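Enquirer: Sharing a structure, written as structure tokens. Questions coming.
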Amino acid sequence: MISANGALSGSYDHAEVARSVLIAIAASYAALDLAGRVTATRGWLRMAWLGGGAIAMGIGIWEMHFKGMLALHLPVPVEYHWPTTLVALWVAILASGVALYVASRQKWAGLRPRPAA
């Protein structure tokens, strides 16, 4: 039995960590490309690109983090609560949608330079 006061020693699967980094790179490239397409379109097509981009980027973010969690091996059994994991996926998709929407606007109100004195 493991003591409640003791620390767990874990190890990482470096190949799994490398796959997580590759997923992050691919997802960020796709997100930047989709942000350009969202900016270039109007109307319902813009919303379609925004939705697709949010899904692609959200899944990439979620998958990168999940792969990172799976890379950690502990001396105790670890199980993931699938409803919580699914909520985390939806949060990543929603946050990605907000980020793509903000990044693809024509004007940014909060980043105006101050006039010279």
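The values are calculated or read from the model by the stated rules, or taken from the named source; none is laboratory data. As the structure is a prediction and not an experimental result, all values here were calculated from the model. Cβ atoms come from the backbone with ideal geometry, glycine included; neighbour counts cover every protein chain shown. The protein model used for the area step is the full one, side chains on, heavy atoms only, and it has no ligands, DNA or RNA in it. Shrake-Rupley method; radii C 1.70, N 1.55, O 1.52, S 1.80 Å.
Enquirer: What spacing in nm lies between the two simple spin-label points modelled at residue 21 and residue 73, each 7 Å away from Cα in the Cβ direction?
Expert: Taking the simple label geometry, residue 21 and residue 73 are separated by 2.0 nm.
Enquirer: Let me spell out the model: positive unit charges on the Cβ of Lys and Arg, negative unit charges on the Cβ of Asp and Glu, origin at the Cα centre of the chain. What dipole size does that give, in debye rounded to 20?
Expert: 900 debye
Enquirer: Let me ask something else about it. Exposed loop sites here are trypsin sites (Lys or Arg not before Pro) in DSSP loop states with at most 14 other C-beta atoms within 10 Å. What is the longest stretch of the chain lacking them?
Expert: With trypsin sites (Lys or Arg not before Pro) excluded where exposed in loops, the chain gives 43-104 as its longest stretch.
Enquirer: If 70, 32 are ordered by their accessible area, calculated over protein heavy atoms with a 1.4 Å probe, which sequence runs from highest to lowest?
Expert: 32, 70
Enquirer: Another question about this same structure. Relative contact order (percent) for the chain, with alpha-carbon contacts under 8 angstrom and 6 or more residues of separation?
Expert: 36 percent
Enquirer: Let me ask you something else. For the chain, find the longest principal axis of its Cα atoms and tell me its angle to the long axis of helix 14-40, 0 to 90°, nearest 10.
Expert: 20 degrees
Enquirer: Follow-up. Measure nothing fancy, just the Cα-based angle from helix 82-103's long axis to the longest principal axis of the chain, in degrees from 0 to 90, nearest 10.
Expert: In the chain, helix 82-103 runs at an angle near 30 degrees to the longest axis.
Enquirer: If 23, 93, 55 are ordered by their accessible area, calculated over protein heavy atoms with a 1.4 Å probe, which sequence runs from highest to lowest?
Expert: 55, 23, 93
Enquirer: Might you tell me the accessible area per residue for the chain, computed with a 1.4 Å probe and given in Å²?
Expert: Per residue, the chain has an accessible area of 74 Å².
Enquirer: While we're on this one: Which of the following values of Cα Rg over 2.2 N^0.38 Å was calculated from the structure shown: (i) 1.40; (ii) 1.46; (iii) 1.17?
Expert: From the options (i) 1.40; (ii) 1.46; (iii) 1.17, the structure gives (ii).
Enquirer: Right, another one. What angle, in degrees between 0 and 90 and rounded to the nearest 10, separates the Cα long axis of helix 43-71 from the longest principal axis of the Cα atoms of the chain?
Expert: For helix 43-71, the angle is close to 20 degrees.
Enquirer: Springs between alpha-carbon pairs under 10 angstrom, Gaussian network model over the chain: which of 51, 60, 43 fluctuates most?
Expert: 43
Enquirer: What FRET efficiency, computed as 1/(1 + (r/R0)^6) with R0 = 30 Å and r the Cβ-Cβ distance, is obtained for residue 82 and residue 46, rounded to the nearest 0.05?
Expert: 0.35
Enquirer: Pop a pseudo-label 7 angstrom from the Cα along the beta-carbon direction at both residue 12 and residue 105 and give the gap in nm to one decimal.
Expert: According to this spin-label approximation, the distance is 3.6 nm.
Enquirer: How many angstrom separate the Cα center of the stretch 12-52 from the Cα center of the stretch 53-100?
Expert: Value for the Cα centre distance between the two parts: 15 Å.
Enquirer: Ok, one more. When 1/r is averaged over all different Cα pairs and the result inverted, which Kirkwood radius in Å belongs to the stretch 1-65?
Expert: About 14.2 Å for the stretch 1-65.
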